[in-house]
Every structure is written in structure tokens, then in C-alpha cells.
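Written below as C-alpha cells is the structure these notes are about.
The values are calculated or read from the model by the stated rules, or taken from the named source; none is laboratory data. A quick note: this is a predicted structure, and the numbers were derived from the prediction, not measured. Neighbour counts are summed over all protein chains in view; Cβ atoms, including those assigned to glycine, are modelled from backbone coordinates with ideal geometry. We work out accessible area using only protein heavy atoms, side chains counted, and drop any ligands, DNA or RNA first. Shrake-Rupley method; radii C 1.70, N 1.55, O 1.52, S 1.80 Å.
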Amino acid sequence: RGGTSRSDASRRCAPDVSRTDVDFFLTKVANNDIQRRLSQSDDAASAQSDDGVGRARAKKGRRTVVGADCVLGPHSVVGAGSILGAGSVLGAFAFFAPGAVAGARIRLGPSACVGPESNLGADVVMHAHAAVKHCDVGDGAVLHQHASAGDDGFGFFVDENEATRVKCVKKKPQTLRVNVGARCEIGAGSRVDRGSWRDTVLGSNTKLDNLVHVGHNARIGANVLLCGGVAIGGSAEVGDFVAMGGKSAARDHVSICAGARIAAKAGVTRDILKPGDYAGFPAVPAARWRRDVARRNTTE
């Protein structure tokens, strides 16, 4: 009586819990504890490097840097030699790879992964289980759940052994990067493959719906809209302000000019050189496609 109540004491001992705009709770870790953990990871990485076990995970001699007011969720990992901008938030089990770099105020949802050779601009949001690697991501970009950028492209060839005449499928090296422009949005379950002979590029303010696939070496312009289920073949080029309807596709190495609009389920098999509406398979000007459909219906 006259002392501190149990509820008051519990409130004082309870961790400071913050709610962020990506809808998950985090426990704010004291700065000295963060620095202690990062120092240990730096020391471990240095020891591995000295033993010849570590593999160029960060620039030599660079220490891990975590900006002011960062929040690290339970079991989140910040790798050695990485740079995490001020005010960033990592959800539970989020992973920030050794040597990765991020600007201020990024948000990683639970189990989101920033992989090796990744550079994130300011205000990037990666929702739960989103992943990037070998990737440059511009300011304000958003990756929804299970979206990924920087995985290997689908590049294979059939090789024949001259001596035995035995054929086998072998993989072509996929060693380049993905460049995601500022304010891009990549929908849930969508994939952007890394390049093999040139970087794969998404222009600024381009929006990908759910389950969109962009093949390796593709170049997507600025302000492009790709609806659900769209597939862009490897090395294809899509101009600015192109819109592609659901489940439409462009084959590899074709070019679609700026301002073209592709109807749902259309298939682009050759270059489109003039802006306008296109439909059908293979894709042709929409007016011609409608006439063809009307003619077939009349004859039937």
C-alpha cells in the first residue's frame, strides 16, 4: 500500500512496442544492444575472412552501420559490413545480407530478405516474404508478399558430347543484375529475373500486378502497367506508358513501342511499332481483330 502497483511495474518492464505501416508489431531494441550484436557479427566475419572461409561479403574493412532510430524485430539479422539507413524497420525474421546497402526509412516485413549485392533507396517497402538479390531498388518502391527480383533467368541450351554423342541440357550463366526504378510496385508472387547479357530494367513508376513474370534481360519503360498474369519474354523491350491486360504475353526479343495497349490474353509475337490498341493471337490492331472475329461468327 502506498507503493507501486503490479500493473505499473509491468508497464515499466514491458518492451516498447511500435506498430508500423506494414502492419506488424516489433520490439524496439536499445541502440547499445544493436551495436553489440553488430560488433559481434563484424568480428565473426573478420575471423572467417582471415581463415579463408568468408567470401567477399562486404567491402574490406567496412564496418556495419545502422542509422539512428532503427527498429529490429525478433530474430531479424543485419549482416556484417551492411549499411542500414536511419529510421528503418525490420520485421521478425527479416534478413539483411552482409554488404547490402539501404537508404533511410525502409520497411521489411516478417521474413523479408535483402540478399547479396543489393542496394535499396529510401522509403522502400518489402512486405512479408518478399526478396531481392543482385538488385538496385529505387526510392519508394514497393514489393508485395512473395514478390522477388534478382533470381536467375531461365536460360538453358542443349549440349552434345562429341565423343559419346550424348545430349544434355546445360545452364547459361545468369550473372548480371536487376534495376527497379523509383516508385515501382511489384505485386504479390511476381518475379523479375536477373540479366545474363544485360541488366533487367523496370522503369520508374511502373506497376506490376500479381503473378507477373519479367524474363531476364528485358527492358520495361517508365509508367508501364502490367496486369495479373502477364509474361514478358527474355530480352523483350516495352516502351513507356504501355498497358498490358491480364494474361497477355510478349515473346522474347520483341519490341513494343511507347503508348501501345495490349488486350487481355493477347500474344505479341512480333514488334509493335505504332501506338494503339492490339488484340488476339498473334496480336494485331484491335479493329482488325474485331472484324476477323465478326467474320468468323458470320460464316459459322
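How would you order 138-145, 266-273, 284-291 from highest to lowest mean count of nearby Cβ atoms within 10 Å?
Order by mean packing, descending: 138-145, 266-273, 284-291.
So if I average 1/r over every pair of distinct C-alpha atoms in the stretch 72-214 and take the inverse, what Kirkwood radius in Å does that give?
Kirkwood radius, the stretch 72-214: 15.6 Å.
Filter Lys133/Lys265; Lys133/Lys170; Lys207/Lys247; Lys171/Lys207 down to the pairs with a C-alpha to C-alpha distance above 21 Å, please.
The answer is Lys133/Lys265; Lys133/Lys170; Lys171/Lys207.
Taking the Cα atoms of the stretch 152-288, what is the range of coordinates along each of the three principal axes, in descending order and whole Å?
Ordered largest first, the stretch 152-288 gives principal extents of 55, 36, 24 Å.
In square angstrom, what is the accessible area per residue of the stretch 226-300 with a 1.4 angstrom probe?
56 Å²
Protein chains only, probe 1.4 Å: how do Phe96, Phe281 rank by accessible area, largest first?
Largest accessible area first, the residues go Phe281, Phe96.
Of Phe241, His146, Asn161, which is farthest along the charge dipole of the stretch 119-265 in the positive direction, counting Lys and Arg as +1 and Asp and Glu as -1 at C-beta?
Toward the positive end, the furthest listed residue is Asn161.
Within 13 Å, Cβ to Cβ, of Val158, how many net charges do the neighbouring residues add up to if Lys/Arg are +1 and Asp/Glu are -1?
My count for the surroundings of Val158 gives +3.
Provide the packing ranking of 176-189, 239-252, i.e. peptides ordered by the mean count of other C-beta atoms within 10 Å per residue, highest first.
The peptides rank, most packed first, as 176-189, 239-252.
Where nothing but the Cβ of Lys and Arg (+1) and of Asp and Glu (-1) is charged, how large is the charge dipole of the stretch 174-271 around its Cα centre, in debye to the nearest 20?
Dipole of the stretch 174-271, to the nearest 20 debye: 100 debye.
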